[in-house]
Amino acid sequence: MKALNGIRILDFTHVQSGPTCTQLLAWFGADCIKVERPGVGDATRGQLRDIPEVDSLYFTMLNHNKRSITLNTKNETGKSVLERLVKECDVLVENFAPGALDRMGFGWERIQELNPRMIMASVKGFGPGPYEDCKVYENVAQCTGGSASTTGFRDGPPTVTGAQIGDSGTGLHLALGIVTALYQREKSGRGQRVLAAMQDGVLNLCRVKLRDQQRLERGPLTEYSQHGQGIPFPEATPRAGNDSGGGQPGWILKCKGWETDANAYVYFITQAAVWAPICDVIGKPEWKEDPDYATPPARLDKLTHIFDTIEAWTKTRTKFEVMDICNPLDIPCGPILSMKELAEEPSLRETGTIVEVDHPARGKYLTVGCPIKLSDSPAEVIRSPLLGEHTTEILTDVLGYTEEEVREIQDSGAVGKQVVLD
Ligand code: COA
């Protein structure tokens, strides 16, 4: 038994944001039926390919545990198959450009007519307003949701982050909306619309920066290092480099080997409660009693000097040695781990956070498994489907078409060619 066993998802998602959401639901046990255009499929199957003619890692890593049916939803027979799918499924998830589902003839009113229990969940770039008709990709969402204006260094340009907070972040928000709507349906018996706009999702993750925007109106942000450097604040929350986002000052510091290793760095937090052990470790025991350093307010205008001094010590140790020394003293710090180090980390393999998967066309590859662990519903990672791999199986087992009807559907051109595995 998995938590979402019995829930059937009509997965109309593509690229990253929607597929992240439905992959999570599939890991929790939902039967996820991915509907793709015959012969084409999700555009990411062919994007950033590392092996010719083989589904890209972009696709395989976002579409585990799903079944794939190819269906031309603009063909009349295809539309009638889609109607049957809408009646059989609990949730429709989509992240088409605004209006695409209406143009297909499957807007919210039609969906409700076909299946009043249906939950229709969408990712869009923006909620209602001036930009509601815009197509949006990850970095646009990072820029319009407040992340880019607050990321990077004060004297540099706005910067996007590698974490896909616009796409995968919004997919996560949508997944929560869907399970919440499923829970409400238990009581109301009705479906509902769920919308997660990428701008809203990014802004939600940038909540602390809107906090700072309002604090700015009452005075300088004293924990930002620019305050200690005597640089006045602009009207809007500035970029804060590697300053910690909370009340405990932090910074990224060089470690032994930084000259040749781009990731020989550690994040170091001078948490007030452990100031004394920090002073001892870095060889500055006199700072424990010195009134210029002993209290957090006294340290605020000296943070750059303090972190330079701590760095003089961290440069004599590897990032892992810094961790080994600081952790037992409860000094919060973390090595900057490269993707290579994460891929090779044994503990992540043991927990199923990094998983090796076997794919019939590409062979073995690594992926990130389910990041949310449920004790009663463990997630097992099953390779992504080939394009249309489950078309016949879905037509017969889920929709109840006879063999003859399946042949007629195939002859109409509504489902494309069935992939046959050796
Ligand atoms: N059969 C027939 N037609 C299909 C189909 C199928 N199975 N599946 C999709 N289509 C059609 C759609 O109906 C649409 O046709 P239309 O424009 O004539 O109405 C068309 O394919 C393309 O869909 P669209 O969503 O516009 O794709 P795109 O590649 O032009 O745009 C995005 C991609 C991501 C920019 C856009 O989908 C978008 O803004 N999505 C919402 C925000 C989002 O999720 N962004 C992040 C992506 S990671």
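The values are calculated or read from the model by the stated rules, or taken from the named source; none is laboratory data. Computed from a predicted model, the values in this text were never measured in an experiment. All Cβ positions, glycine included, derive from the backbone under ideal geometry; neighbour counts span all protein chains shown. For the accessible areas, the whole protein counts, side chains as well, though only heavy atoms, and no ligand, DNA or RNA atoms are used. Shrake-Rupley method; radii C 1.70, N 1.55, O 1.52, S 1.80 Å.
Expressed as a whole percentage, what fraction of the accessible surface of region 1-71 belongs to carbon and sulfur atoms when a 1.4 Å probe is rolled over the protein heavy atoms? List each step's numbers first, then the result.
Working: 1350 of 2400 Å².
Carbon and sulfur atoms account for 56 percent of the accessible area of region 1-71.
Once you've got the Cα coordinates, tell me which of K124/K340; K34/K74; K284/K315; K256/K284; K66/K135 are over 22 Å apart. All intermediate terms of the calculation are to be shown ahead of the outcome.
On the way: K124/K340 33 Å; K34/K74 16 Å; K284/K315 16 Å; K256/K284 20 Å; K66/K135 26 Å.
Beyond 22 Å between Cα atoms: K124/K340; K66/K135.
The GNM of the chain, with springs linking C-alpha atoms under 10 angstrom apart, assigns the highest mean-square fluctuation among M120, M323, M339 to M339.
The P(r) of the chain has a tail past 36 Å containing 39 percent of all C-alpha pairs. Averaged over residues, the count of other Cβ atoms within 10 Å places the peptides 39-50, 307-318 in the sequence 307-318, 39-50, highest first.
Spatial offset of region 315-354 relative to region 369-383 amounts to 23 Å, using the alpha carbon center of each.
Calculate for the chain the 222 nm mean residue ellipticity that helices alone would give, adding -39,500 (n - 2.57) per DSSP H run of length 4 or more and normalising by residue count, nearest 500 deg cm²/dmol.
Details: 17 runs with 142 residues, N = 422.
Mean residue ellipticity, 222 nm, calculated: -9000 deg cm²/dmol.
The residues packed around K135, meaning those with a beta-carbon under 15 Å from its beta-carbon, carry a net charge of -3 if Lys and Arg are +1 and Asp and Glu are -1.
For region 1-44 and region 188-204, write down the distance between their C-alpha centroids in whole Å. Taking the Cα centre of region 188-204 as reference, the centre of region 1-44 is 17 Å away. Size check on region 1-143: the Cα extents along the three principal axes, sorted descending, read 44, 43, 33 Å. Helices in the chain that qualify as membrane-span-like (whole DSSP H runs, Cα extent of at least 18 Å along the helix axis, mean Kyte-Doolittle hydropathy of -1.0 or higher) are 76-88, 168-188. Once the 1.4 Å probe is applied to the protein heavy atoms, region 1-111 comes out at 37 Å² accessible per residue.
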